[in-house]
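Student: I am attaching a structure below and will ask some questions about it afterwards.
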Amino acid sequence: YFYDPQNPVQEWGEECEDGAVYGITLRREPVPSSNPAETNPCCAFVQYRTCKVRRLKAATLNLLVNHLLDPCCQEQDYGRILLSTYRTFMGTSELIEMLFQRDNAAADLDNSECYTSPLLAFVQTWLDEYSEDFRDPPLHTALRLLLDHLRISSAVHDNMRSQPNFCSLAAQTEALLKRFQKEEAETNVSPGQADVEQAEEGSGDEDSGCENSLDQGGIMDFSAAAIAEQLTRMDSALFVNVVPYQCLGCVWSQRDKKENMSPTIRATIAQFNAITNQVIMSLLCQPTDTTSSPTSSQRPPTTPAQRARIIEKWIRVAQDCRRLKNFSSLRAILSALQSNAVYRLRKTWAAVSRDSMAMFDNLWETFPDENCVLTNRELLVESTSSGVIPYLGTYLTVLTMLDTALPDTVEGGLINFEKRRREFEVLSQIRVLQASCSQYNLPHHPRIAAWLQGHKLLTDQESYELSRQLEPPEDLCSPTPWSHRTLTKKLSSRTPVLQPQSCGGARPKPATSSHHKRSVSMTSLPVYNRQVADSCIVRVSVDLGHNNGNMYKSILLTSQDKTAQVIQRALEKHHLEHMNWRDFTLTQVISQGRELLIPDKANVFYAMSTTANFDFVLRQFSKGQKKPLTATSSLGRYTK
């Protein structure tokens, strides 16, 4: 190993002990001088020493808990890392039991008159910053268990006077239990929904942002700034209530099996889809038609010029959302304008002004992506001066990539705590942004709030049929039916988990990039849309021949994976393990009307196109239909 004396922090290697693996870092720091003359700023002589710092990378469950209560633990954020991620490998009650067993054993060995427990500060942090861990109505079993242990310990150590102590923590725990019980007695809705409703309550005397006094409001009846403000109020209330651990890939991936998983994330998804739907409805339906059947309107259709003005208005709303740093609604609006039903309106888009299109392009090009999260920049910089609401799908994508790329356990069955450390870095960003939302102080617009929440969700097919009524296909060059289309240039880079009901597709890469991108990325982790070393993240959906949505799931693809392995892994991700992988083909979506059929025995990593998005679809063959032996016909339609 080459030691660079100019680098103050260097990774040295690993140390293995029984049941644990430690990462070793050498840290160079100045030595405090005892000679007053040497402390003079004019003195150029500085003596340094090299310190060895250990961080726990993997361990058994017992050692993870023991390390937490070790006074010699050198990692300042170790407790918060554990609190943010422990639910991936153990339950709350189990952790409480292990902590107090360990602390009681340490107290029995301590002969001093005044025992100082390292558990106290940890429990204080748990109650202050992660109290949602204990919300489990109606009994709140884990919280009651903690209260019992704290009361017992306070009786044993009744001579403690320092803060916090077991007695003060018991009182805080009891107060938290009463608060939970009071909230449940006052409302039957979820805590996150209750907070959103409370945030939206207010006087109807405030400015509604109306540009005229029409009773039946529509997009053109409100100012763009007022719409953006109301969207930001609603999104902020939801984002603040997101429980970060529910964003973890292993938790979020269970959402299809367990309906009660990640409720705060589901609330954010519902809001995102509602905004997307509102944009599409405003373009395809008359304002008075929105509460009736969307396809039964007898009113004359709008003209392309009228629809173009609506698109321009939404672009101004998106621009105002960007000004307010509300990236959630910004993304929803941009995605809706790039949905199948809207994007195909060629006459409408032709009437949109050049300035609006330039603004639209700029909003897409400057939208923060996954690399901004992985490199811990941009959004966090913006949050220092004002509130920021991120597009949560970006963080869900990053956490899904981490969960896919890094194993839960390493050699010897040890828990991979280095993986949890990487996840904690992302969750910490979410917490910082949540705190920044307190800086928002926006007016409430009751009429806009009512307008935003008063419409039914359109299905993809309903939207497409309405779009065809407005602008019927003119020739063979017109877009193909909605169920077989993929979006063309500048389509939204849809996260596989955030928009299960809204517009699909992914934002293609620039056509000028024709070379294979097999270079090393800015991070050592596999990422989506770029092959890093011998692996990458791809997204796979399943087409079962009926309207089953466009849900993508991320999987890890390595240079060793053949087509059969990828199909099997994708079926498992979609909870379709019972289906036979031999009944499916694997196809990469290149662009509109262009696909690359991967041969059955191919190495997918090298057979795929690296100049298109890494999006694939599994298609099932009906009974009696022969599976193609080769991909010659499909490959002929696309050449790398």
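Student: Would you tally the net charge around A105, using a Cβ to Cβ cut-off of less than 15 Å, leaving A105 out, and scoring K and R as +1, D and E as -1?
Tutor: Its environment carries a net charge of -4.
Student: Here is a follow-up. If I model a spin label at A225 and E75 as a point 7 Å from the Cα along the Cα→Cβ vector, what separation in nanometres do I get?
Tutor: Here the answer is 4.9 nm between the modelled labels.
Student: Determine ³J(HN,Hα), in whole Hz, for all residues of the range 55-71 in sequence, where each value follows from phi through the Karplus function 6.51 cos²θ - 1.76 cosθ + 1.60 and θ = phi - 60°; x replaces Gly and Pro.
Tutor: Result, ordered by residue: 10, 6, 9, 7, 6, 6, 4, 4, 6, 4, 6, 4, 5, 4, 9, 7, x Hz.
Student: Let's test the formula: R0 of 35 Å, r as the Cβ-Cβ distance of K601 and D369. What FRET efficiency results, to the nearest 0.05?
Tutor: Values: r = 34 Å, r/R0 = 0.99.
Once rounded, the FRET efficiency stands at 0.50.
Student: Leaving out ligands, DNA and RNA, what percent of the accessible area of the range 331-404 is carbon and sulfur, probe 1.4 Å?
Tutor: After summing per-atom areas, the C and S share lands at 49 percent.
Student: Per 0.36 nm of contour for each residue apart, how much would the distance between L145 and K52 grow if the chain were fully extended, relative to their Cα-Cα spacing?
Tutor: In short, 29.6 nm is gained.
Student: Could you grab the Rg to Rh ratio for the range 423-473? Cα atoms only, Kirkwood for Rh. Spell out each step's value before the answer.
Tutor: Details: Rg = 19.7 Å, Rh = 15.4 Å.
That ratio equals 1.28.
Student: Once you have the Cα-Cα distance between M357 and R582, take 0.36 nm times their residue separation minus that, and quote the gain in nm to one decimal.
Tutor: 76.4 nm
Student: Additional query: Can you give the accessible area of R151, probe radius 1.4 Å, in Å² rounded to 10?
Tutor: Estimated to the nearest 10 Å², R151 gives 110 Å².
Student: Report the full-extension gain for the segment A175 to Q461: residue separation times 0.36 nm, less the Cα-Cα distance, to one decimal in nm.
Tutor: Values: separation 286, 0.36 × 286 = 102.96 nm, distance 5.09 nm.
That works out to 97.9 nm of additional length.
Student: How high is the FRET efficiency between E29 and H575 when r is their beta carbon distance and R₀ equals 56 Å, given to the nearest 0.05? It would help to have the intermediate numbers written out before the result.
Tutor: On the way: r = 51 Å, r/R0 = 0.92.
That pair, E29 with H575, gives E of 0.65.
Student: Where Rh is the Kirkwood radius over the Cα pairs of the range 132-192, the temperature 10 °C and the viscosity 1.306 mPa s, what D in µm²/s does Stokes-Einstein return?
Tutor: The calculation lands on 127 µm²/s.
Student: May I pose another question? Rounded to whole Å and sorted largest first, what semi-axes of the equivalent ellipsoid does the C-alpha gyration tensor of the range 48-94 yield via the square root of 5 times each eigenvalue?
Tutor: Three semi-axes, in Å: 24, 10, 9.
Student: So for the pair R431, D534, with labels modelled 7 Å out along Cα→Cβ, what separation do we get in nm?
Tutor: Here the modelled spin labels are 3.7 nm apart.
The values are calculated or read from the model by the stated rules, or taken from the named source; none is laboratory data. Everything numeric in this text was worked out from a predicted model, so none of it was measured. Reconstructed Cβ throughout: ideal geometry from the backbone, glycine too, with neighbour counts over all protein chains shown. Accessible surface areas use protein heavy atoms only, side chains included; no ligands, DNA or RNA. Shrake-Rupley method; radii C 1.70, N 1.55, O 1.52, S 1.80 Å.
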